[in-house]
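Each reported figure results from applying straightforward, stated rules to the coordinates on display, with no laboratory input. These figures come from a predicted structure and were not determined experimentally. No Cβ is skipped: glycine too gets one built from the backbone with ideal geometry, and neighbour counts run over all protein chains shown.
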Amino acid sequence: MVVGMLDQMMFNLACVHEVVLGRMTNLKSWVCEACGKTTDLSAEPFKSRLKEDLDTAMQIDMQEKAKGQTITRLA
């Protein structure tokens with residue numbers, strides 16, 4: 001069993017804090033829990049970076065599945 005990349009990769013917010021990539025799926029903005037600053041995920045450069053990072057994480061997980069691994073998501 002392998003923890004999925006969505007739960008391992010971190011995403012840098014506008015305030016320089018990080019959040020687990022998997023928490024960002026299907027969101028338009030994120031309010032940092034550490035400092036309260038909002039990151040607009042629908043604006044560049046965050047929009048493109050988020051799309052690319054999500055795609056990368058999913059591709060890595062698909063490769064692991066192809067090797068016979070079971071991908072687990074953390075709650």
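The slack between Gln63 and Ala34, meaning 0.36 nm per residue of separation minus the straight C-alpha distance, is 7.1 nm. Looking at the range 1-41, the trypsin sites (Lys or Arg not before Pro) that sit in a DSSP loop and have at most 11 other Cβ atoms within 10 Å of their own Cβ are Lys28.
FRET efficiency for the pair Glu44 and Met1, taken as 1/(1 + (r/R0)^6) with r the Cβ-Cβ distance and R0 = 25 Å, rounds to 0.10. Close lysine pairs were tallied over the chain: pairs 8 or more places apart or on different chains with Cα atoms under 22 Å apart number 6. Couplings 3J(HN,Hα) of the range 51-65, computed from phi: 4, 5, 5, 5, 4, 4, 4, 5, 5, 4, 4, 5, 5, 5, 4 Hz, in residue order, whole Hz [Karplus 6.51 cos²θ - 1.76 cosθ + 1.60, θ = phi - 60°; x for Gly and Pro]. Restricting the GluC sites (Glu not before Pro) of the range 31-75 to loop positions (DSSP other than H, G, I, E, B) with no more than 14 neighbouring Cβ atoms within 10 Å leaves Glu33.
Here's the picture: charge each Lys and Arg Cβ at +1 and each Asp and Glu Cβ at -1 in the chain, and of His17, Thr38, Met58 the one pushed furthest to the positive end of that dipole is Met58.
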